[in-house]
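What follows is a single structure, written as structure tokens, with notes after it.
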Amino acid sequence: MRGIFITFEGPDGAGKSTQIRNLAEYIDKKGLPYVLTREPGGTKISDAVRSILLDPDHGELENETEVLLYAASRAQHVREVIRPALAEGKIVLCDRFVDASIAYQGHGLGVSIEDVVRVNRFATGGLVPDRTYLIDIPPEVARERLLQRTDGTGKPLLDRIERKGLDYHRRVRAGFQAIYRENKQRILWIDGNQPEAVVFRDIVADFQKRFESVER
Ligand code: TMP
């Protein structure tokens, strides 16, 4: 039996990490086998690549290098974690996947979408999520939220991508919206400007309808 591959996407600060944890807790309580993982990261090698990508000192990173590093992290993650878990019949909950590269590197940085898609098809071997929860939020609201995450001294904890300007984040958001319009069968769009409990209610309702009511 093949498992279920679910991804969470959305601009930084949309609240997706909280929601993916909430869904993991819900699935755990049901006693269903699952794996909770994230990109970039999820394996030793992918986590090492993550630290190169998010280091605020790496301002000189070229766009092409950035695309390839996200894809390299993903190639390892797919083969070491995601595919094996799916083969064991598990539910894989993944915080970001290929859509993030299309939105951030394609729409955000202006790298050819076709190239991003092609590189990622190679990296993933063509793996596509069964369902994607896209939590949307205007960049201005997201920025306010991100600035509230501070270190011990009150300084915001922004990584290399989060430090980019509002225009970049507006393009990323528009990118996610374009991806949604082209993949409405796979993606559920959720308004992240609603209370956390309401966002979670929508996600669980969808999960129950699509996956719990069907014999697997
Ligand atoms: P996270 O904040 O969701 O952990 O993701 C780390 C950052 O990396 C976030 O700003 C989004 C960005 N990112 C990309 O630019 N491309 C990608 O393919 C992925 C997976 C993440």
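One residue stands out among those in the stretch 142-184 that are of a type in the set (Ser, Thr, Tyr) and out of contact with any Gly (no Cβ under 6 Å at 6 or more places or on another chain): the one that is nearest to Glu9 (Cα to Cα), which is Tyr180. Among the residues of the stretch 171-202, those that are in contact (Cβ under 8 Å) with a residue 40 or more places away in the chain, assigned to a helix (DSSP H, G or I) and among the β-branched types (Val, Ile, Thr) comprise Val172, Ile179, Val199. So for the stretch 26-34 (the condition being surrounded by 15 or more Cβ atoms within 10 Å (Cβ to Cβ), more than 13 Å from the ligand (Cβ to nearest atom) and charged (D, E, K, R)), does at least one residue qualify? Within the stretch 26-34, not a single residue is surrounded by 15 or more Cβ atoms within 10 Å (Cβ to Cβ), more than 13 Å from the ligand (Cβ to nearest atom) and charged (D, E, K, R). Taking the stretch 118-136 as the range and being outside any helix (DSSP H, G or I), of a type outside the set (A, V, I, L, M, F, W, C) and surrounded by fewer than 17 Cβ atoms within 10 Å (Cβ to Cβ) as the test, the residues that pass are Gly125, Gly126, Asp130.
Would you confirm whether or not the stretch 71-81 contains a residue that is touching a Pro at 6+ places or on another chain (Cβ under 8 Å), of a type in the set (Val, Ile, Thr) and buried (at least 22 other Cβ atoms within 10 Å of the Cβ)? No, there is no match, as no residue in the stretch 71-81 is touching a Pro at 6+ places or on another chain (Cβ under 8 Å), of a type in the set (Val, Ile, Thr) and buried (at least 22 other Cβ atoms within 10 Å of the Cβ). The single condition among (1) free of Cβ contacts under 8 Å to residues at least 60 places away in the same chain; (2) touching a Lys or Arg at 6+ places or on another chain (Cβ under 6 Å); (3) under 29 Å from Ala142 (Cα atoms) that Pro33 does not meet is (3). Considering only the stretch 184-194, I want to know if a residue exists there that is of a type in the set (D, E, K, R), surrounded by fewer than 17 Cβ atoms within 10 Å (Cβ to Cβ), modelled with pLDDT of 95 or more and under 15 Å from the mean Cα position of the chain (by Cα). Within the stretch 184-194 (the criterion being of a type in the set (D, E, K, R), surrounded by fewer than 17 Cβ atoms within 10 Å (Cβ to Cβ), modelled with pLDDT of 95 or more and under 15 Å from the mean Cα position of the chain (by Cα)), the answer is yes, since at least one residue qualifies.
Among the residues of the stretch 55-64, are any more than 18 Å from the chain's Cα centre (by Cα), aliphatic (A, V, I, L, M) and either within 12 Å of the ligand (Cβ to nearest atom) or modelled with pLDDT of 95 or more (or both)?
yes
Criterion applied to Ser73, Ser51 was being without any contact (Cβ under 8 Å) to a residue 12 or more places away in the chain and within 12 Å of the ligand (Cβ to nearest atom), and the one residue passing it is Ser51. Just one of the listed residues (Leu157, Leu147, Leu166, Leu68) is over 23 Å from Asp191 (Cα atoms), within 15 Å of the ligand (Cβ to nearest atom), at pLDDT below 95 and surrounded by fewer than 20 Cβ atoms within 10 Å (Cβ to Cβ), namely Leu157.
Does any residue of the stretch 91-102 turn out to be small (Gly, Ala, Ser), surrounded by 22 or more Cβ atoms within 10 Å (Cβ to Cβ) and not in a helix (DSSP H, G or I)? No - not one qualifying residue is present in the stretch 91-102.
The values are calculated or read from the model by the stated rules, or taken from the named source; none is laboratory data. Everything numeric in this text was worked out from a predicted model, so none of it was measured. In this analysis, Cβ positions are derived from the backbone assuming ideal geometry, glycine residues included, and neighbour counts consider all displayed protein chains.
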